[in-house]
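What follows is a short report on a single structure.
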Amino acid sequence: MTKTIERIAPFAFGLAALGFWQGLVWALGVPSYVLPGPIAIIQAYLDDHAVLDSALLSTLSVTVAALLGATIIGVALAVAMAASRLFRAAIQPWAVILQVTPVVAIAPFIIIWVNQPFLALVVCAVIVAFFPILSSTAAGLAATPPELQDLFRLNGATRWQTLILLSLPSALPSFLTGLRVSGTLALVGAVVAEFVAGSGGFASGLAYRIIEASYRLEIPRMFAALVLLGLSGIVIYTALGWLEAVLLHRRDGA
Amino acid sequence: MFSLREVAKTYPNATIALESVTAGFEPGEFVALLGPSGCGKSTLLRLLAGLEEPSAGRIEWDKAARPGPGDIGFVFQDATLLPWATAADNVYLPLRLRGRTRDEAAPLVTAALAQVGLSDFAQVKPRGLSGGMRMRVSIARALVSDPMLLLMDEPFAALDEFTRHKLQDDLHALWRRSGKTIVFVTHSIYEAAYLANRILVLSPRPGRVAADLRPAIPEGPHRRSSGAYTDLVAEITDTFKRVMPEHD
């Protein structure tokens, strides 16, 4: 009973908040170019869903490509850092610097340097997204049980065997936790890059539609694009959480 | 088989784990390294396995007994199984690392699991096994490559009393059956007295050999309650009283 209530609680809260919002807009007579109510936002989406859906698809394609890139780069760097202390010492500070530098500050350069707009957006989003995968995979690799490493040594295992048969599978749970964080960051990165690129970028993503709508004072349409972004974030986070649960259950299940 | 010549181990943080240990080990012996926590018995085991190098002294192996990969089976305090692999795959691991195919290894894996009484659990992953069963898998993994020397580092310390007794019975029987050389680290006087046919009592840190006992307790179902067993426990207890520092 309590479980069921907990499960429906977020939806009930959301509905109540939306109702309150709509009621406030009606009661105070707020014009839709200041704050549109939920009904106006839904209406704006329905009126323009073909354009907004394709914008969503465009942003999501950048997000997915960035997440793939971040996974490859993050895992490769983590493995190299685990294999060589020198490499770790050389790379770690630069990875942190790249992480703390706001992508808004470097995106214009990337958009100039990378000619292909799609690729430029992906590169920006990768920069935002790769760090959680790198740091959590590196932590997972470093936490490989020392007794098992001893066992591998005693049996004359090569470094390659130790990596494939022991370290990488041991690091899987940490990697998946990092992947979940990176998934939503890839979306954030894609949106930020589209904002910075503006019409010089891919000219079709959700962020571009948000800018376009704000120039035209189509505030309900702007909100509709924003809602699509929020929903995409929730779907990505939930899907990666589900992937984590399924993979770990299949891996360790009796 | 091998002997320790004034073996010492000092760690970089200046902890002296072992101070001049000298002892010879014969093939087929079941040697218990008995001592309080921190006396360096686990360090000694790691030196024997070649996982660490002594800081002074040396370990001399007989010509025929010099170990290569897989010649030493090691059982850790925890079962340390791969959680994603079945019992059979965990046991197969040492052979896999040395390039044996699954088909080649299958009869050996089956035999090792049978030796520890887990034939029916070959396809179960560690999560589905009890603590005692996991330790049995760990022992099967150490036995599968038919090592000439089995090193065990307090393998039963984390198990409940009933499971521990059962595994002790089984290990003792396995040793009698196979004639393997076993070096078994423990801090339990009772465990050492029951299992081994030779007991090296180590003094508190830095570890030295305080006594080298070769008990002869009659085999059989009443081993734990025989007079020889209780006399041995008393003798070891007296030895400890002599070498342990006085407490308030």
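The values are calculated or read from the model by the stated rules, or taken from the named source; none is laboratory data. Everything numeric here is computed off the predicted structure, so don't read it as measured data. Every residue, glycine among them, receives a Cβ derived from its backbone with ideal geometry; neighbour counts consider all protein chains shown.
Quick check: is even one residue across region B:47-68 farther than 14 Å from B:T181 by Cα, of a type outside the set (F, W, Y), buried (at least 22 other Cβ atoms within 10 Å of the Cβ) and at pLDDT 90 or above? The answer is yes, given that some residue of region B:47-68 is farther than 14 Å from B:T181 by Cα, of a type outside the set (F, W, Y), buried (at least 22 other Cβ atoms within 10 Å of the Cβ) and at pLDDT 90 or above.
So that you can scan it fast, the table gives a plain yes or no per residue for (1) surrounded by 22 or more Cβ atoms within 10 Å (Cβ to Cβ); (2) of a type in the set (D, E):
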position: A:D53; (1), (2): no, yes
position: A:S58; (1), (2): yes, no
position: A:V64; (1), (2): no, no
position: A:V75; (1), (2): no, no
position: A:M81; (1), (2): yes, no
position: A:P93; (1), (2): no, no
position: A:Q99; (1), (2): no, no
position: A:I106; (1), (2): no, no
position: A:I112; (1), (2): no, no
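For A:I127, the test of being over 30 Å from B:R46 (Cβ atoms), free of Cβ contacts under 8 Å to residues at least 40 places away in the same chain, part of a helix (DSSP H, G or I) and of a type in the set (V, I, T) is failed. In region A:164-180 there is at least one residue matching the filter, namely being without any contact (Cβ under 8 Å) to a residue 12 or more places away in the chain, within 14 Å of chain B (Cβ to nearest Cβ) and assigned to a helix (DSSP H, G or I). Summed over region B:94-107, the residues that are within 14 Å of chain A (Cβ to nearest Cβ) and either within 20 Å of B:G68 (Cα to Cα) or in contact with a strand residue (DSSP E or B) (Cβ under 8 Å, 6 or more places away or on another chain) (or both) give a count of 8. Tallying residues that are at the interface with chain A (Cβ under 9 Å from one of its Cβ atoms) and either touching a Gly at 6+ places or on another chain (Cβ under 9 Å) or in a helix (DSSP H, G or I) (or both) within region B:83-93 yields 1.
Once region B:200-246 is narrowed to residues that are in contact (Cβ under 8 Å) with a residue 24 or more places away in the chain and of a type in the set (S, T, N, Q), the residue that is surrounded by the fewest Cβ atoms within 10 Å (Cβ to Cβ) is B:T237. For region B:11-28, taking the residues that are under 18 Å from B:L202 (Cα atoms) and surrounded by fewer than 19 Cβ atoms within 10 Å (Cβ to Cβ), the one that is nearest to the other protein chains (Cβ to nearest Cβ) is identified as B:T15. The residue that is surrounded by the most Cβ atoms within 10 Å (Cβ to Cβ), counting only those in region A:138-159 that are of a type in the set (A, V, I, L, M, F, W, C) and within 9 Å of chain B (Cβ to nearest Cβ), is A:L151.
Scanning region B:68-81 for residues that are within 9 Å of chain A (Cβ to nearest Cβ) and either of a type in the set (G, A, S) or without any contact (Cβ under 8 Å) to a residue 12 or more places away in the chain (or both) gives B:G68, B:G70, B:G73.
For region B:136-163, taking the residues that are surrounded by 16 or more Cβ atoms within 10 Å (Cβ to Cβ) and more than 14 Å from the chain's Cα centre (by Cα), the one that is nearest to B:S225 (Cα to Cα) is identified as B:T163. The set of residues in region B:143-186 being of a type in the set (G, A, S) and closer than 24 Å to B:P67 by Cα consists of B:S145, B:S178, B:G179. Condition check: farther than 12 Å from B:F30 by Cα and modelled with pLDDT of 85 or more. Does B:R223 satisfy that? Criteria not met by B:R223.
Once region B:116-130 is narrowed to residues that are assigned to a helix (DSSP H, G or I) and over 23 Å from A:F152 (Cβ atoms), the residue that is farthest from the other protein chains (Cβ to nearest Cβ) is B:S119.
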